[in-house]
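In what follows, a single structure is set out as structure tokens and then discussed.
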Amino acid sequence: PASVARLVPLPRHTRPFRDATELIPDLGTIRCVGIESLGGHNEGSLAARLAGAIDTVLLLMGEPELVDAACVSPLQGQGVHALPGETLTDLHGDVSASLRFADGRAASILASSHASRWNFTCTILSERGRLRVYDDGFELLSPTGVKLDEARHRRTRGHASTAPGRALPGL
């Protein structure tokens with residue numbers, strides 16, 4: 001049935017992530033990944049945010065050996081402790097997860113369906129530097145902090161970074 005199928009846009013298919021993917025082989029061994037997959041309550045479910053984050057971890061690091069996660073309801077600070085949903089699609093709020101791999105590598109995920117507006121950021125730490133992928137581009141730094149590469153793409157209207165009179169670097 002149509003109610004079962006749900007389309008989830010994956011961060012790996014965004015232009016900034018595709019562009020940054022070309023640099024990943026040059027990073028050497030990836031030792032740690034941190035992902036923020038955030039959105040407002042009208043910008044997709046918590047399950048969608050988690051699916052994108054988990055897909056990214058699996059793409060970059062493979063399957064983890066151990067996952068420890070906690071879900072926080074958007075009502076948590078109001079004296080209400082909501083029970084978790086029966087399925088991922090029933091979850092709302094925030095999830096924090098720590099992922100460990102058999103070879104000592106690690107990843108973290110912060111996902112939310114109640115975080116103001118949509119945002120995806122992926123930080124990759126490796127022996128040869130730090131690669132950060134943002135909604136609008138990426139930045140590659142050497143281990144000593146020297147910027148080796150950067151790309152920024154113009155954002156769509158509604159984002160402060162593209163307000164009239166403000167130019168994005170590299171445009």
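Points to keep in mind about this one:
So that you can scan it fast, the table gives a plain yes or no per residue for (1) of a type in the set (S, T, Y); (2) in a loop (DSSP other than H, G, I, E, B); (3) at pLDDT 90 or above:
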position: S3; (1), (2), (3): yes, yes, no
position: E36; (1), (2), (3): no, no, yes
position: L59; (1), (2), (3): no, no, yes
position: D68; (1), (2), (3): no, no, yes
position: H81; (1), (2), (3): no, yes, no
position: H92; (1), (2), (3): no, yes, no
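- When residues of the range 118-132 are limited to those that are among the charged types (D, E, K, R) and in contact (Cβ under 8 Å) with a residue 40 or more places away in the chain, the one surrounded by the fewest Cβ atoms within 10 Å (Cβ to Cβ): E127
The values are calculated or read from the model by the stated rules, or taken from the named source; none is laboratory data. Being a predicted model, the structure only gives us computed values, none of them experimental. In this analysis, Cβ positions are derived from the backbone assuming ideal geometry, glycine residues included, and neighbour counts consider all displayed protein chains.
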